[in-house]
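Structure, as structure tokens:
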Amino acid sequence: MKAGLRREALARLQGGDPGAGDLLARVILANLTITGNAIIAGVWPLGGEMDLRPLMHSLHARGHTIVLPKTPARGNPLSFRTWQPGCAMIPERFGTFCPDGEEAIPDLLFVPLLAFDRAGRRLGYGGGYYDRTLEALPGRSAIGFAYAAQEIPAVPAEAHDRLLNAIATEREFIHILR
């Protein structure tokens, strides 16, 4: 079932607005208070994904440390390296890029996804990296980000799937109540 949903979700990604990352940044900054010197995990966009870089630039300009994931061997949680505008980026598996910075542990994670529902469930790419990472970092906030068109009525969930605390789109910020 998840494999079919992933194919459908990937097809929906192809129609995304490349400029929606600016709208996403505005929605997040208007609805989320990030205090102190929080370390924030972003991601470098894969083809068709919502572009989180406008938000990363804004948060960096506000003095926050930004980290991006380094993809480990399958079955392990992600590690994170510090990023700043203009830093060297190293190509990794799956078409991702990782900064050549120091390792750091994030306080808040922005999590990419293929589909989401309003209960905080997400459909990822199937590797389980974020589920393992969130399990290894208890108490951290996880905010999914996506195009509004990636919402579906219900994402099938398994015991190992970790729920999101919120979801942000170019149109709204969805607080998940538990």
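The values are calculated or read from the model by the stated rules, or taken from the named source; none is laboratory data. From a predicted model like this one, the values you see are computed outputs, not experimental measurements. Here the Cβ is made from the backbone with ideal geometry for all residues, glycine too, and neighbour counts use every protein chain on show.
Considering only region 46-65, I want to know if a residue exists there that is over 21 Å from T169 (Cα atoms), assigned to a loop (DSSP other than H, G, I, E, B) and touching a strand residue (DSSP E or B) at 6+ places or on another chain (Cβ under 9 Å). Looking through region 46-65, at least one residue is over 21 Å from T169 (Cα atoms), assigned to a loop (DSSP other than H, G, I, E, B) and touching a strand residue (DSSP E or B) at 6+ places or on another chain (Cβ under 9 Å). Candidates are the residues of region 124-156 that are farther than 21 Å from E8 by Cβ and polar (S, T, N, Q); the one that is surrounded by the fewest Cβ atoms within 10 Å (Cβ to Cβ) is S141. For region 83-96, a residue qualifies if it is over 25 Å from L163 (Cα atoms) and touching a strand residue (DSSP E or B) at 6+ places or on another chain (Cβ under 8 Å), and the qualifying residues are W83, Q84, C87, A88, M89, I90, P91, E92. Contact annotation: residue pairs with Cβ atoms under 7 Å, 6 or more positions apart or on different chains, pairing a residue in region 115-138 that is of a type in the set (S, T, N, Q) with a partner that is modelled with pLDDT of 95 or more, are T133/P77; T133/L78.
Of everything in region 125-146 that is part of a helix (DSSP H, G or I) and aromatic (F, W, Y), the residue that is nearest to G42 (Cα to Cα) is Y130.
Count of region 82-121 residues, restricted to those that are within 15 Å of the chain's Cα centre (by Cα), outside any loop (DSSP other than H, G, I, E, B) and not aromatic (F, W, Y), is 6.
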